[in-house]
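Read the structure below first, then the notes.
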Amino acid sequence: MADTLLEIQHLNTSFRIHDDYYAAVDDVTLTVNKNEVLAIVGESGSGKSALAFSIMGLHNRAKIEGSILFKEQELVGLPYSKLNQLRGDQLSMIFQDPLTALNPLMNIGDQIGEAILLHQKKLTKKKRKERVIDLLNQVGIPRPEQICEQFPHQLSGGMRQRVIIAIAIANRPELLIADEPTTALDVTIQAQILDLIRELKENMHAGIILITHDLGVVAEMADRVAVMYAGQIVELADVHTLFEKPLHPYTRSLLHSVPNEGQDKLHVIQGIVPSLQHLPRRGCRFAERIPWLDGSAHEEQPELHEVEPEHFVRCTCYRHFHFPAEREGWTHGIS
Amino acid sequence: MPQVLLLSVLVFLMAQMMPGDALSGQIDPNIDPAAIEAQREKLGLNNPWYVQYVDWVGSALHGDLGQSFRHKMPVTDLIGQRLANTFWLAVATLILTYLIAIPLGITSGRYNDTLRDQLITGYTYIGFATPLFIFALVSLWVFGFKLEWFPTGGSVAPGLEPGTFPYIVSKLQHLLLPALSMALITTVNTVQYLRSEIIDTKQKDFIITARAKGAPESRVYNRHILRNSLLPLAAFLGFEITGLIGGTIFVETIYSYPGMGLLFMDSIALRDYSVVTSVVLLLGVVSILGVLLSDIILSIVDPRIRIK
Amino acid sequence: MAFLEVKNLKVHFPVRGGLFNRKIGAVKAVDGVSFTIEQGKTYGLVGESGSGKTTTGRAIIGLNKITEGQVIFEGEGLTGKNPRRKKDVQMIFQDPYSSLNPRKRVLDIIAEPLRNYENLTKQDELEQVIQLLKRVGLSEDSIWKYPHEFSGGQRQRIGIARAIALKPKLIIADEPVSALDVSVQAQVLNFMQEIQEELNLTYLFISHDLGIVKHMSDRIGIMYKGRFVEEGTTGEIFNSPQHIYTKRLVAAIPDIDPKKRSLQKRLRQEVQAEYTRSYHDYFDEQGLVYDLRNISDSHLAALPEKG
């Protein structure tokens, strides 16, 4: 497709624990198009942040295998000198914690200016300064001239997150990765930041990968959604399909475990997310969390099936899945 | 300021508790004890300690620290000469300390757990384990007596005109070995400190932000990691100065370098109490000033604690 | 007689500075808060960071010094030394990772309040701890383990087991699920509801997450800059919010239905427009909240006297 911006094929990202490598991202295949928000949902340990860091080449000591094509350029194995021409320019990232993601000893103007300096070396100092002010206006920061001279600790969390967004969009990126951009913020600030990201998409026609654990944020922002569990994509669909006709047991369980209208008891997913070293590497990874389903419901090597056009689900267990009746005693989630 | 006050009281009381007083050594034993007693009364030596203390502080504030009864000259003059020597020794040591610590600490922190890092940390462990006075003695013996690269005592060669070029060179020659042997030992603290600061800063989120901007590693280190890691060293400077004071006492004694440390040791040996108390008080004031200096430096370089 | 009554509670923190660390001002973290909780109910206390909700909870249990006002528990004033405050009122903390002593075994963690208040033999103590663990759904052999051997949700349940060890009547839960994953949140919330019924517990549930507060609470108080902006039943707060600040909060919650996206956006824009237009109708010259006024018997909002 002409509009494909990012094409990830069979990506494996493994970390070394003691003397073995364990895949935190396990055989992920995914595309991101221009002018689209792809949400990646999952809980901690699902591999969603590891995936984002792999795209940006930010892992220090990980083994990355497979292919990440960004505008037909291979990112896996790309030397840093080449990668640094892309990072912060066509490819950029917004981080989770605005309190720690800025250098405490550098003023705001310099931190944003640095992103411009690194990719537009010919720009004069004056022009750069103008661009910084411009960006601060764009992300809705009042009194930009003064804010430039200030240091991170003088700004509130919401303001700092705007500065981080300004850094990320400094060179009009084509792909923007937002890793839990509002998790650390208050709800009213969250709404403002989400509006801002949405506006940026509309103005710049960028592709956006939005990583979050918050299903409400997904429902508000995404065009397509990938649900990750234990390093794998378990379901991939457009946002309306995913919320109306979720198929994978994990997706359905997640949707049932958040408080919703007229719900008395929340659904509890049995057991816990296995740690990286203890992931079941064979068979359906979600099987042990839905033990009331018969073993034969699962595939031996679960694959992503395209059950409807553009709607993918891993394993066959979704066909047999049902929520347990309360008397069966699974609702406590006691392990 | 309360620290200085407390220190002065302690020093004064300690001097008071020592046997004898300023008159006991100075007097011809044939003089009538009654006359001595009269003299004591006149000099205020029979007053209660707090009255004497107030007198002493009063004159100290006017620059009068009393008489050295061994050198037969005012303590202020005596210290004045020595102070300059010690000051230059301390400055040289401090410069050498940082000249050694900064490159070693940076290399060790940046390439942690590599061979380079292991060699450097190995050196710091040896530094921690070696007592300064032994190391100073050994280097004096090797470089001073055996190899004769450096002079073995004093602060300047005799017979040179102060202010001339050969005079300054000679001063430097006399400084270098004591300063270097002290720096090589005291620097290991700073190396270790810088190393752990860098390793710590390397893992901060804002470093990831810098990389995500597309900053090359050299820039990540120079612009983001270094400044944030060197900052705590400024806070460490005060302690460094306090440590130097202890160090100079050993080193000056070993190299017979005429500074405050040597004066201090000699005065103790000679029971020259007025000198001892003055030196202790002065060293105390300097170490407190060191801490103050750290605070000032920190408030200049760290925007978070900049005075509004 | 109300079960818990908080009357005009004020908690001010001194701001020190200048020479000799003199008091040069005060941060009014909580500035005149009054509410009552009925036994067996859950009262949700909502606010954004810095609103004073946590300070209010901590002041009730005595972790923050009360500057002014009263806390009356079952008709009795809770003051610093009142032992009932320590026995009948317990707290669950936000972070299950740092609120348990990592060097103590689960047995010692849970038995600690028992050792302070009850004289039990070793055997009885062990039995009680095992009972408590079973009640929170952890196995018997957990008693010999250390906190790091448990997951976040399990740790939070250990925290709850400790809190209910002395059979308290009131539990102050300060963001009890904020640090947990969605599925684990559900586990802890369900469990809190179950033991509430079993033990007839009363909760003061402090959270910034309106969805969860809505799910858990019978009554809700909304705090802003140390004061209440609105108070009412859960239905009243969510269906007919009166104060502009409440409206903003409610409008800001992301809706889980992607079809309502444009509707949500329009609603949010309307509220924002109203906020800018009529800010001065809701806040005084210093940007502070007015006193609460009754709108109905159960619904109060901080609106100025219309005159």
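Cross-link candidates for C:Lys225: which aspartates and glutamates have Cα within less than 15 Å, leaving aside residues fewer than 8 places away along the same chain?
A:Asp186, C:Asp31, C:Glu48, C:Asp284, C:Glu285, C:Asp291
What 222 nm value per residue comes from the helices of chain A, counting each DSSP H run with n ≥ 4 as -39,500 (n - 2.57) and dividing by all residues, nearest 500 deg cm²/dmol? Before the final figure, lay out the partial values.
On the way: 10 runs with 100 residues, N = 335.
About -9000 deg cm²/dmol.
Normalised by the residues of segment A:104-170, what does the relative contact order come to in percent, with Cα pairs under 8 Å and at least six apart? Kindly include the intermediate steps, with their values, before the conclusion.
Details: 60 pairs, mean separation 33.2, N = 67.
Relative contact order of segment A:104-170: 50 percent.
With only alpha-carbon pairs counted, each pair once and no self-pairs, how large is the Kirkwood hydrodynamic radius of chain A in angstroms?
About 21.3 Å for chain A.
If you take the Cα atoms of segment C:34-130, find Rg, then find the Kirkwood Rh from the mean of 1/r over all pairs, what is Rg/Rh? Display every interim value, and only then the final one.
Details: Rg = 16.2 Å, Rh = 16.0 Å.
Ratio value, two decimals: 1.01.
Could you give each residue of segment C:240-255 its phi-based ³J(HN,Hα) in whole Hz, using Karplus coefficients 6.51, -1.76, 1.60 with θ = phi - 60°, and x for Gly or Pro?
Per residue, the Karplus-derived 3J(HN,Hα) values read 9, x, 9, 8, 4, 5, 4, 4, 4, 4, 4, 5, 7, 5, x, 8 Hz.
Which distance in Å, rounded to a whole number, links the C-alpha centroids of segment C:134-178 and segment A:205-254?
Each part reduced to its Cα centre gives a spacing of 32 Å.
Any number yet on Rg/Rh for segment C:216-297, C-alpha, Kirkwood? Can you show the working numbers first?
Numbers: Rg = 13.6 Å, Rh = 13.8 Å.
Computed over Cα atoms, the ratio is 0.99.
Averaged over C:135-143, how many beta carbons belonging to a partner chain fall within 10 Å of each residue's beta carbon? If you can, show how the numbers build up before the last one.
Numbers: counts 0, 1, 4, 2, 2, 0, 0, 0, 0.
Counting other chains' Cβ atoms within 10 Å and averaging over C:135-143 gives 1.
So what's the convex hull volume per residue for the Cα atoms of segment A:104-170, in Å³?
Values: hull volume 5.0 nm³, N = 67.
Given the Cα convex hull of segment A:104-170, per-residue volume reads 74 Å³.
Give me the distance between the Cα centres of segment A:261-324 and segment C:3-53, rounded to whole Å.
46 Å
Could you work out the equivalent-ellipsoid semi-axes for chain C, taking the square root of 5 times each eigenvalue of the Cα gyration tensor, largest first, in whole Å? Present the calculation step by step, with values, prior to reporting the outcome.
Details: eigenvalues 258, 117, 67 Å².
So the equivalent ellipsoid measures 36, 24, 18 Å along its semi-axes.
Report, as an integer, the average count of C-beta atoms from other chains found within 10 Å of each Cβ along C:246-254. Display every interim value, and only then the final one.
On the way: counts 0, 0, 3, 4, 1, 3, 8, 6, 14.
Whole-number average of other-chain Cβ neighbours for C:246-254 is 4.
Highest first, please rank the peptides A:230-238, B:196-204 by the mean number of other Cβ atoms sitting within 10 Å of their residues. Don't skip to the answer; put the middle values down first.
Numbers: A:230-238: 23.8, B:196-204: 17.3.
Final packing ranking: A:230-238, B:196-204.
If you place +1 on the Cβ of every Lys and Arg and -1 on the Cβ of every Asp and Glu, how big does the dipole about the Cα centre of chain A come out, in debye to the nearest 20? Before the final figure, lay out each step's value.
Numbers: 33 positive and 44 negative charges, 277 e Å.
Charge dipole of chain A: 1340 debye, to the nearest 20.
Between B:Val91 and C:Arg22, take the C-beta separation as r, use R0 = 45 Å, and let me know the FRET efficiency to the nearest 0.05. Don't jump to the answer; show the numbers that get you there.
Details: r = 39 Å, r/R0 = 0.86.
Plugging the Cβ-Cβ distance into 1/(1 + (r/R0)^6) gives 0.70.
List the lysines whose Cα sits under 23 Å from the Cα of B:Lys171, skipping any in the same chain fewer than 8 residues away.
List returned: B:Lys146.
Given the pairs C:Lys104/C:Lys134; C:Lys10/C:Lys247; C:Lys53/C:Lys265; A:Lys122/B:Lys204; A:Lys265/C:Lys87, which are separated by over 21 angstrom at their Cα positions? Could the numbers behind the result be given before it?
Details: C:Lys104/C:Lys134 19 Å; C:Lys10/C:Lys247 26 Å; C:Lys53/C:Lys265 28 Å; A:Lys122/B:Lys204 30 Å; A:Lys265/C:Lys87 30 Å.
C:Lys10/C:Lys247; C:Lys53/C:Lys265; A:Lys122/B:Lys204; A:Lys265/C:Lys87, as the Cα separations exceed 21 Å there.
Normalised by the number of residues in chain C, what is the relative contact order in percent for Cα pairs under 8 Å and 6+ residues apart? Each step should come with its number before you reach the end.
On the way: 557 pairs, mean separation 62.1, N = 307.
Result for chain C is 20 percent.
Using label points projected 7 Å from each Cα along Cα→Cβ, tell me how many nm separate C:Ile72 and B:Thr130, to one decimal.
7.7 nm
Contact order normalised by length for segment C:183-307, with contacts defined as Cα pairs under 8 Å and 6 or more residues apart; what percent is it?
Numbers: 125 pairs, mean separation 27.7, N = 125.
After rounding, I find 22 percent.
Against the 2.2 N^0.38 Å scaling, with N counting residues, where does segment B:77-305 land? I'd like the Cα-based Rg ratio to two decimal places.
On the way: Rg = 20.3 Å, N = 229, 2.2 N^0.38 = 17.3 Å.
Taking the Cα Rg and dividing by 2.2 N^0.38 Å, one obtains 1.17.
How big is the charge dipole of the protein assembly as shown about its Cα centre, in debye rounded to the nearest 20, if each Lys and Arg gets +1 on its Cβ and each Asp and Glu gets -1 on its Cβ?
On the way: 97 positive and 105 negative charges, 335 e Å.
So the dipole magnitude of the protein assembly as shown works out to roughly 1600 debye.
When we measure straight from the Cα of C:Lys214, which aspartates and glutamates land under 15 angstrom away, once same-chain ones fewer than 8 places off are left out?
Cross-link targets: A:Glu261, A:Asp264, C:Glu175, C:Glu230, C:Glu231, C:Glu236, C:Asp255.
Go ahead and run the numbers for FRET between A:Asp20 and A:Met204, Cβ-Cβ distance against an R0 of 51 Å, rounding to 0.05. All intermediate terms of the calculation are to be shown ahead of the outcome.
Working: r = 42 Å, r/R0 = 0.83.
Calculated transfer efficiency: 0.75.
How much accessible surface does C:Ser262 have with a 1.4 Å probe, in Å² rounded to 10?
C:Ser262 has an accessible surface of roughly 80 Å² with all protein chains in place.
Compute the convex hull volume of the Cα atoms of the protein assembly as shown, divide it by the residue count, and report the result per residue in Å³ as a whole number. Don't skip to the end; give the middle numbers.
Numbers: hull volume 246.9 nm³, N = 950.
Hull volume over Cα atoms, normalised by residue count, gives 260 Å³.
Please compute the modelled spin-label separation between C:Asp141 and C:Glu112, points set 7 Å along Cα→Cβ, answer in nm with one decimal.
Inter-label distance under the simple model: 2.6 nm.
Please give the contour-minus-distance gain from A:Glu244 to A:Glu72: 0.36 nm per residue of separation, less the Cα-Cα distance, rounded to one decimal in nm.
Working: separation 172, 0.36 × 172 = 61.92 nm, distance 3.41 nm.
So the chain would gain 58.5 nm between A:Glu244 and A:Glu72.
Please compute the Kirkwood hydrodynamic radius over segment A:12-65, one decimal place, Å, based on all pairs of different Cα atoms.
For segment A:12-65, inverting the mean 1/r across all distinct Cα pairs yields 12.1 Å.
What value, in deg cm²/dmol to 500, does the helix sum -39500 (n - 2.57) over DSSP H runs of n ≥ 4 give at 222 nm once divided by the residues of chain B? It would help to have the intermediate numbers written out before the result.
Numbers: 11 runs with 213 residues, N = 308.
That calculation yields -23500 deg cm²/dmol at 222 nm.
Given a 10 angstrom Cα cut-off, can you work out which residue in C:Lys225, C:Lys65, C:Lys259 is the most mobile in a GNM of chain C?
Judging by the Gaussian network model, the answer is C:Lys259.
In whole Å, what are the extents of segment B:206-254 along the principal axes defined by its C-alpha atoms, from largest to smallest?
55, 18, 10 Å, listed from the longest principal axis down.
For segment B:154-213 and segment C:101-115, compute the distance between their C-alpha centroids and round to whole Å.
First find each Cα centre; the distance between them is then 50 Å.
The values are calculated or read from the model by the stated rules, or taken from the named source; none is laboratory data. In this text, all values refer to a predicted model and were calculated from it rather than measured experimentally. So basically every Cβ, Gly included, is an ideal-geometry build from the backbone, and we count neighbours across all protein chains shown. Just so you know, the surface numbers come from the protein's heavy atoms only, side chains and all, with ligands and any DNA or RNA stripped out. Shrake-Rupley method; radii C 1.70, N 1.55, O 1.52, S 1.80 Å.
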